[in-house]
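The numbers here are math on the coordinates, done by the rules we state, and not lab data. Quantities reported herein were computed from a predicted structural model and do not represent experimental measurements. Every residue, glycine among them, receives a Cβ derived from its backbone with ideal geometry; neighbour counts consider all protein chains shown.
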Amino acid sequence: MRATAASALFVAGALALLTAVGLGWWRQGVRLAGSHLAFESVHRGWSFPARIFSDQVPLTEPAERLVEEAKARGYRERCPGPRAGEYCAKTGTVVPRAGAALEPLLLGWIVGPDAEIREHLPLEEAPRHLVDAIIAAEDRGFREHPGVDFAGLIRAALTNARRGGYAQGGSTLSMQVVRAFSGRRERALVRKLREAVMALAVDRSLGKDGVLQAYLDIPYLGQRGGLSICGFQAAARHYFGKDARELDLAEAATLAAILPAPGRFAPDGHPREARQRRDRLLLAMAKLQGYEVSAALRRPVRTVPPAPLEERHPAFLSAARAWLFERLPEQQIHGAGLVVSVGIDLRAQRVTEELFKQTTREFDRRVTPSPQPLQSAGVLLDLETGRLLALWGGAGLTATGFNRATQAFRQAGSAFKPLVYALAFGQPPLEDGSPRFTASSLEPNAPRVFHTEQGDWRPRNAGYEYTPTASLADGLIWSRNIATASLLERLGGPRALVDFAHTFGFSLERLPAEMGLALGQGEVTVLQMAQLAAAIGNGGWRVEGTPVVQVVDQRGRELLSPPARGPQVLSNSAAALTRELMRQVIAAGTGGAAARGLDGAPGYHGPAIGKTGTTDEERDVWFVGATPRLAAAVWLGRDEPESLGHSASELAAPLWGWWMRRLALRGPADGFADEVELAHRWICASTGRLAGPACRPLRAPFLPGSEPKARCGLPHPELHEAEGEGLEAPAPGRELAPMDGG
């Protein structure tokens with residue numbers, strides 16, 4: 001009795017344990033199926049690379065851009081009367097393949113460490129004959145069994161026992177899906193039992209269509225160099241150069257037939273073996289499913305060379321990749337099949353690549369010789385939204401390489417100075433309501449010593465040109481170092497400038513709280529400088545300079561969208577005053593070559609603002625600026641900083657002007673949109689008064705009512721460094737007394 005009871009307890013315990021284990025496997029199968037079909041699991045065997053596309057292009061864009069975009073998409077030229085998928089360059093007419101816009105264009109992939117090329121194929125869009133071919137090849141009882149073909153397992157076990165090894169598996173499609181989801185491949189009885197229980201769970205939870213949906217994306221079907229071709233969508237493109245939705249019966253049967261061993265039966269490398277297996281499968285489909293296969297049997301197995309994996313415009317792809325990896329988990333980017341839309345303007349990108357490559361090569365022959373090649377970088381943004389339209393990250397850049405436009409931090413030199421003046425113009429008004437600073441406010445501009453926390457500092461003006469004082473207009477238009485540093489001193493010193501710059505998107509850790517920051521001793525990227533130009537040009541609104549327009553996963557869920565225009569970081573009036581002075585940088589100051597051009601090649605003649613920047617020993621040269629629709633920054637230098645022997649006015653300014661000239665079709669003929677009314681006066685550069693006959697006149701902007709009233713009558717002898725020693729300059733901000741009769 002006791003033995004019988006003990007045996008019963010043992011059996012009951014064993015059954016309970018087996019039941020618990022089985023329930024655990026069942027739940028695990030349900031969880032695996034759910035997470036994988038929600039694209040929340042990523043691993044070898046279930047890895048969907050991200051794909052990067054250009055955004056669709058509305059037909060309201062300029063004709064020249066539409067034609068360029070159509071050519072990139074493989075549209076054919078037909079004049080007159082283009083039809084869908086065609087264009088006429090003479091008339092600028094483009095007819096989309098579908099809809100009212102040009103479709104997105106694949107630019108590149110982000111493939112993960114598993115090196116799998118896989119694309120999702122929705123079951124409802126897969127050809128019926130492809131699904132039937134898979135069932136006939138892999139699991140003929142698929143529609144009848146509950147996820148496990150028990151009779152098939154018994155047959156496989158007998159076959160394996162008879163042959164003394166593992167010769168037949170008996171796996172159903174549901175079991176193959178479980179194997180792919182779990183990643184387990186060991187040939188052991190426990191694994192087979194677990195797989196069977198989980199297959200029952202998966203078949204029950206997903207249904208037959210759910211199992212088929214998963215299987216369409218799973219199997220390994222070929223090799224392309226170091227990349228595995230997985231799933232029927234990727235295989236259709238690889239072998240036949242077409243979407244899986246377009247596969248005919250013979251092609252679909254070929255793909256299903258090679259499933260057991262793509263390495264031995266791949267149709268591109270082994271067409272004879274592939275045809276033999278295809279024909280056997282076609283005959284089975286005729287017998288089991290009623291297909292008419294005579295025409296398919298007569299067809300030879302023909303493949304097309306696979307198109308190269310797209311990697312258009314690597315500098316832009318590099319920027320998009322970096323933007324994504326800053327915001328999404330690496331596993332999700334590499335494996336969740338993200339569809340990434342970017343804001344590239346293909347015409348602007350082509351112009352940028354051609355111009356920067358050619359000009360940099362020509363300039364390299366002019367600058368101080370060096371074993372290092374001259375490098376350059378440029379960023380083009382939409383002025384209002386900050387959307388990245390085009391980018392040049394340097395010669396030899398790949399999609400995964402170091403991008404000099406977005407990742408290189410270099411000193412900005414005087415290109416940083418507009419921030420100092422914007423900070424001044426944004427100061428609260430005086431008690432009587434008048435501006436605290438105007439374009440005619442004065443700062444010392446003679447050699448002087450600044451007593452700082454880091455020690456005494458003696459900046460110099462470029463060309464050793466000094467005057468007792470300089471107006472703010474002169475300080476920015478002609479890039480006066482001492483006047484700019486004196487202005488920052490009045491504004492509270494470098495800490496105030498660091499905090500202010502951070503609101504525009506500059507990196508705090510790269511901006512030293514030192515007086516030299518006023519002259520651009522902080523480290524910045526070309527992208528950050530383009531963002532600064534955009535904010536000044538658009539009325540004071542911060543932009544992010546994002547390359548990505550949208551990120552959508554395989555279920556159509558939007559994961560990331562571009563940030564809306566950022567907060568207002570500069571008042572409309574401060575932005576307008578800074579912008580108008582930067583307009584004069586081109587019209588009458590250090591940036592004249594942006595409009596004038598170089599060597600007989602004219603620059604940009606439309607409305608524009610800008611600022612040059614040249615660092616110590618001419619190691620880095622910059623030009624940053626904007627037109628009414630575009631903001632752009634240009635940098636030239638060497639990776640290991642060395643003297644170029646030329647200033648920004650000789651290199652960066654003309655390059656910027658040529659760039660804007662070639663992109664002029666994007667800019668309207670009017671000017672910058674502005675809500676601020678300004679008055680303009682010709683003032684004396686050094687006294688800030690209305691210009692007299694002996695003055696060096698500058699056209700300066702003012703808020704109405706703040707214009708100078710007195711006229712300058714001083715003789716203005718030139719002051720050079722030797723003469724300036726010991727000269728007593730006015731206290732910072734002190735205005736000269738009005739002159740009688742002015």
Which one of Ile344, Ala201, Val94 has its Cα pushed farthest toward the positive end of the charge dipole of the chain, where Lys and Arg give +1 and Asp and Glu give -1 at the Cβ? Ala201
Hey, could you get me the Stokes-Einstein D for region 382-432, Kirkwood radius over alpha-carbon pairs, 4 °C and 1.567 mPa s, rounded to whole µm² s⁻¹? 88
When the chain is fully extended, how far beyond the present Cα-Cα distance does Glu640 get from Arg565, taking 0.36 nm per residue of separation? 23.4 nm
Quick one: if you stick a label point 7 Å off each Cα along the C-beta vector at Arg299 and Arg495, how many nm between them? 7.6
Order 636-648, 243-255 from most to least packed using the mean count of other Cβ atoms within 10 Å. 243-255, 636-648
For the chain, what number of Lys pairs, 8 or more residues apart or on separate chains, have alpha-carbon atoms under 24 Å from each other? 7
Can you give the alpha-carbon Rg of region 416-525 over 2.2 N^0.38 Å, where N counts its residues? 1.04
Taking N as the residue count of region 578-669, its alpha carbon Rg divided by 2.2 N^0.38 Å gives 1.03
Find the percent of Cα-Cα distances in region 565-613 that exceed 18 Å, and round it to a whole number. 40
May I ask for the angle, rounded to the nearest 10°, between helix 526-537 and the longest principal axis of the chain, with both axes built from Cα atoms and the value confined to 0 to 90°? 60
By counting other Cβ atoms within 10 Å of each Cβ, how are Ser318, Ser228, Ser507 ranked from fewest to most? Ser507, Ser228, Ser318
At a Förster distance of 51 Å, what's the computed FRET efficiency of Glu124 paired with Phe409, Cβ-Cβ distance as r, to 0.05? 0.55
What number comes out for the charge environment of Gly24, summing +1 per Lys or Arg and -1 per Asp or Glu over other residues with Cβ under 12 Å away? +3
Chain lengthening between Leu508 and Ala679 when straightened (0.36 nm per residue, less Cα-Cα): 58.0 nm
I need the semi-axes of the equivalent ellipsoid of region 191-327: take the C-alpha gyration tensor, multiply each eigenvalue by 5, square-root it, list largest first in whole angstrom. 30, 25, 14
Using only the Cα atoms of the chain, construct the convex hull and provide its projected area averaged over every direction, in square nanometres to one decimal. 47.6
Degrees separating the helix 346-364 axis from the principal Cα axis of the chain, which is the longest one: 60
State the percent of C-alpha pairs, over all pairs in region 502-621, separated by a distance greater than 22 angstrom. 50
Run the quick spin-label model on Gln358 and Glu311: label points 7 Å from Cα toward the beta carbon, then report their separation in nm to one decimal. 2.6
So for R0 = 56 Å, FRET eff. of Ala84-Ser370 from the Cβ-Cβ r, to 0.05, ends up at 0.55
Kindly express, to the nearest 10 degrees and within the range 0 to 90, the angle between helix 128-138's C-alpha long axis and the longest C-alpha principal axis of the chain. 60
Treat the count of other C-beta atoms within 10 Å as a stand-in for reagent exposure and order Thr60, Thr91 from fewest to most. Thr60, Thr91
Among the Cα-Cα pairs of region 348-437, the proportion with separation greater than 18 Å, in percent, is 63
About the Cα centre, and with charges only on the beta carbon of Lys, Arg (+1) and Asp, Glu (-1), how big is the dipole of the chain? Nearest 20 debye, please. 3760
May I ask for the Rg/Rh ratio of region 489-553, computed from Cα atoms with Rh as the Kirkwood radius, given to two decimals? 1.07
Assuming 0.36 nm per residue, please report the length gained on full extension of the stretch Arg662 to Phe150 beyond their Cα-Cα distance. 177.2 nm
Using the 10 angstrom Cβ neighbour count as an exposure proxy, how do Lys417, Lys287 rank, fewest first? Lys287, Lys417
Measure off 7 Å from each Cα along the Cα-to-Cβ vector at Asp456 and Ala63, then give the distance between these two points in nanometres to one decimal. 6.8
